[in-house]
Structures are given as C-alpha cells and as structure tokens.
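First up is the structure itself, then whatever we jot down about it.
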Amino acid sequence: MDIDRIEELLRTRPPREGTYDRQLPALAQATGPLQSTTRIRGGFPAGLSAAALALIVIVIAGAALLGASQHGRPAAVAMPTASAAWTPSQAPGTFASTGSMTTGREDHSATLLKDGRVLIAGGLGNGDLALLASAELYNPTTGRFTATGSMTTARAYQTATLLADGRVLIAGGEDLSGGNAASAELYDPATGTFSPTGSMTTPRLGQTASLLPDGRVLMAGGLAAPAGPDGLHVLASAELYDPATGTFSPTGSMTTVRYRHTATVLADGRVLVAGGADSTGQYIASAELYDPTAGTFSPTGTMTMFRADHTATLLPDGQVLIAGGMGGPPGLEYLPTLAPAELYDPTTGTFSATGSTRAGRSSQTATLLSDGRVLIVGGADTVAGELYDPNTGTFGPAGSMTYFPNSDFSATLMSDGRVLIAGGLGGGAVASAELYRP
C-alpha cells in the first residue's frame with residue numbers, strides 16, 4: 001500500500017460519539033430522569049407577558065421532571081421526552097441557526113450531560129497546530145457556547161462516553177506526538193475540569209466505545225501505530241474501562257480486525273459490532289456480538305453489503321438500522337457511497353434490506369428522535385437531511401441545514417428532543433452550529 005493511501009485512510013473520519021450508535025446506550029441504561037431544559041428565543045406570543053410565560057415554562061418543566069423521576073429503567077430503549085418549550089421562531093421539521101462555538105472544530109466529540117448541556121471537546125481546528133485541547137459547553141436554554149476547562153491532552157478522533165455518575169470518559173484518538181494515543185481522561189461537570197485516568201492497554205484511533213449495563217466501557221478495534229508491513233496496524237483487541245478503579249483491562253478479542261466500524265449496545269446488553277475496514281483498507285461485511293457476561297465475541301449474521309464509515313442506530317423495537325457508508329455488494333470493484341440501508345434483528349441474528357436513503361452518504365450522522373424516527377444528515381454533497389420511518393421502512397425529506405458541513409461534525413439529541421449540529425469541515429474547521437426541531 002502506498003503512502004498516499006495510508007494517509008487517506010488515517011485521515012478518514014472514524015465513527016465517533018454523538019451518533020446514536022454511541023450515545024443511545026447511555027440513555028437506555030440511565031437510572032435517573034432525563035433533565036429538562038428550556039430555551040426561549042425571539043418575541044413572546046401576543047398578549048403574554050415574559051413573567052407569565054416563564055411561570056408556564058417552569059410548571060411544564062417541573063411536571064415533566066416529576067413524571068420522569070417516577071419512571072423506572074426501560075426494558076429496551078429510553079426515548080427522550082420533548083418536555084421543554086420549543087423555540088417559538090422555529091417551525092417543526094426545520095433547521096435553524098444557534099450560537100456559534102468559541103472556535104472552529106472538526107472531528108471533535110459531543111456528549112449530552114445529565115443536566116442537559118452538551119460538552120464539545122477537542123478535534124481539529126485551523127492553523128498549523130490543528131489539534132485542540134480546548135472544550136466548551138452548549139446551553140440549550142440560552143442557545144450559547146461557553147468555554148470550560150481544557151483537556152489534559154490535545155486530541156482529535158477520540159471517543160467520549162457519558163458514565164453512570166455523570167462524568168465523561170475521553171479516550172484515544174490522535175495526539176500531538178503525531179501518533180495514536182493510549183491516554184484517557186475524565187471530565188467532571190461539577191467542577192468543569194478534566195483530569196487524567198488510567199491509560200488504555202494499547203494506543204487506539206477510530207475505536208468504538210460502548211457503555212455496558214454494568215457501567216463499564218467497552219473499547220473495541222481501531223488503529224494502532226505504527227503501520228504494519230501489509231498496511232495499517234488495525235486491531236482486533238478490545239478492553240474494558242472500569243470507572244470504579246479508573247483502569248483499563250483486556251477482554252476477549254474480536255473475530256477480525258476492524259476500524260471505521262460501529263458498535264451498538266442492544267436491549268439485552270450485548271454489543272453488535274458491524275462492518276469497518278481491515279489492515280489493507282478492504283471493507284468488511286461481517287458482524288459479531290460481544291457478550292459482557294462471558295467477555296467474548298462471537299460471529300453473527302453478515303450484512304448485505306460491505307460497509308465502512310456507516311452508522312448504526314438502535315430502534316425502539318430493538319432492531320438496528322445500518323445506513324450509508326463506503327462499500328457495496330460483493331464483487332463490486334468500485335466502492336461508492338451507499339444509499340441502500342439494512343436492519344439487524346437480534347432475535348434471528350440476521351440482516352435484511354430496508355429502504356434506501358435519497359442520496360448516497362458516508363460519514364454521516366444518524367440520530368434517534370423522540371418519535372422513533374432517525375434523522376440522517378451530512379455525508380453527501382447536499383445540505384438536505386433525511387428521516388427514516390421504522391413504521392414504513394422508508395426515508396423521506398427532513399429539511400435543509402443552514403450551513404454545509406459535509407462531514408466531521410457532531411449531532412447530539414438534547415433532552416428537549418431537538419438535535420444540536422455543531423462544527424465540521426466546510427472550507428476549514430467551522431464554528432457554526434444549528435438546531436433541528438422534529
């Protein structure tokens with residue numbers, strides 16, 4: 001493999017936290033209530049004073065929180081509650097601008113905190129020293145970003161996982177050494193600071209991070225350094241982070257090496273790992289399941305197409321929607337961005353075709369909405385979004401974004417049901433952000 005191909009593969013956006021193959025498990029396993037947030041923007045309705053509107057909002061939010069606190073742990077997927085007031089100036093099914101980040105970022109992480117704010121950390125900025133250590137918080141009530149403490153290590157392509165105690169685990173990625181990082185750190189929302197925690201057993205970039213039902217975090221696959229004689233040094237190994245001890249330890253290895261893959265926590269606690277690319281850059285159709293009780297991986301059904309840089313989203317009925325990516329059917333020499341999507345059924349262990357996206361997409365985001373539909377944005381030469389309806393198995397239009405980050409941005413479902421889209425690559429790392437209202 002020539003050096004240009006290796007550089008291309010190294011720079012290809014790995015899946016990251018903020019698409020719902022990563023964040024949904026944190027919602028599904030949460031034992032506490034979802035936090036309601038309120039954002040008021042624009043003028044008040046005619047005849048309604050600011051004080052009266054504030055009182056109504058407080059009553060509605062309080063009632064939502066009381067109901068959430070009486071609700072036990074869900075059997076399958078915890079659906080977010082759209083309890084906070086919508087932005088009056090934003091029509092349903094549209095995108096609208098919100099405050100900009102404090103700095104332009106791409107390939108950063110975005111994590112919904114328990115208090116409803118969104119933590120944006122690291123990524124690539126603009127300039128010679130592109131790797132960022134800085135972090136910031138989005139407040140959906142004010143619609144603004146503010147700086148918070150900086151990471152202990154500048155990094156991009158990292159994973160970010162919300163832990164059961166509300167802290168955020170940041171791990172791996174690319175650091176200023178020019179290689180892939182083994183280091184990890186924790187963000188504490190109470191103090192607004194990052195602090196080091198134990199390091200992974202091996203450096204990883206493009207790994208997946210999955211919050212398990214017992215609170216541990218599974219790290220699987222990714223790129224290690226340096227490259228091997230036959231191409232990239234892609235990993236089959238996996239490891240577990242234990243928040244109680246702050247350490248990583250090895251667990252069973254995957255049946256094949258993978259990066260640019262997805263990992264999805266199923267309703268029964270197992271983890272579906274699907275697709276990706278191997279050490280030669282070839283795309284993979286196989287999938288496997290991690291059993292956290294046994295600590296082992298085992299094969300499951302094979303996808304209908306080879307895929308890398310796709311998304312995997314746990315649906316309310318327990319199936320997993322696989323969409324987009326680079327790849328194609330077996331025997332295809334030219335591997336384009338994919339439009340056909342498919343579903344994984346954990347009860348049968350098989351994949352089957354479902355509807356196709358309106359445009360082929362790769363490195364897009366997929367966000368499970370409060371009503372069970374899935375919002376797909378980015379990954380194609382269009383600002384148009386799409387919605388997957390699991391009831392019909394089809395994709396339909398979802399409005400157009402206000403700016404054009406083709407890839408490397410984040411999409412985060414907030415507690416009030418809106419989706420925050422931040423940063424990305426658009427003539428450089430952009431600071432723009434916007435909100436989608438279902």
Study note, to complete from the structure: Calc'd 3J(HN,Hα), the stretch 276-287, phi into Karplus 6.51 cos²θ - 1.76 cosθ + 1.60 (θ = phi - 60°), Hz, glycine/Pro = x, comes to x, 9, 9, 5, 9, x, 6, 7, 10, 9, 6, 9
Check your understanding: When a footprinting reagent is the concern and you count Cβ atoms within 10 Å, what order do Arg155, Arg117 take, fewest first?
Key -> Arg117, Arg155
Point to revise | Ordering of 297-309, 137-149 by packing [mean C-beta count within 10 Å, highest first] | key: 297-309, 137-149
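Calculated FRET efficiency, Asp242 and Val383, Cβ-Cβ r, R0 41 Å, to nearest 0.05?
Numbers: r = 42 Å, r/R0 = 1.04.
So, using R0 = 41 Å, E works out to roughly 0.45.
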Review point. Could you give me the ³J(HN,Hα) list for the stretch 407-423, computed from phi with Karplus coefficients 6.51, -1.76, 1.60 and θ = phi - 60°, whole Hz, x at Gly and Pro?
Key: 7, 6, 9, 10, 9, 10, 6, 8, 5, 8, x, 7, 10, 8, 10, 9, x
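How much length, in nm to one decimal, is gained on full extension between Ser370 and Ser195, taken as 0.36 nm per residue of separation minus their Cα-Cα distance? Present the calculation step by step, with values, prior to reporting the outcome.
Details: separation 175, 0.36 × 175 = 63.00 nm, distance 3.36 nm.
In short, 59.6 nm is gained.
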Review point. How do Val257, Val273 line up, fewest other C-beta atoms within 10 Å first?
Key: Val257, Val273
Check your understanding: Can you work out the base-10 log of I(q)/I(0) for the stretch 227-318 at q = 0.11, 0.23, 0.26 1/Å, using the Debye formula on its C-alpha atoms alone?
Key -> -0.34, -1.23, -1.37
Check your understanding: Measuring from label point to label point, each 7 Å out along Cα→Cβ, what is the Tyr403 to Thr280 span in nm?
Key -> 4.2 nm
Exercise for review: Order by neighbour count: Thr354, Thr245, fewest other Cβ atoms within 10 Å first, most last.
Suggested key: Thr245, Thr354
Practice item. Would you calculate the separation in nanometres between label points at Arg144 and Asp165, each defined as 7 Å from the Cα along the Cα-to-beta-carbon direction? Key: 3.2 nm
Check your understanding: What's log10 of I(q)/I(0) for the stretch 153-206 at q = 0.18 Å⁻¹, Debye sum over Cα points only, no solvent?
Key -> -0.54
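Bear in mind that the values in this text are calculations on the coordinates, not laboratory data. Computed from a prediction, not measured in an experiment: that's the story for all the values here. In this analysis, Cβ positions are derived from the backbone assuming ideal geometry, glycine residues included, and neighbour counts consider all displayed protein chains.
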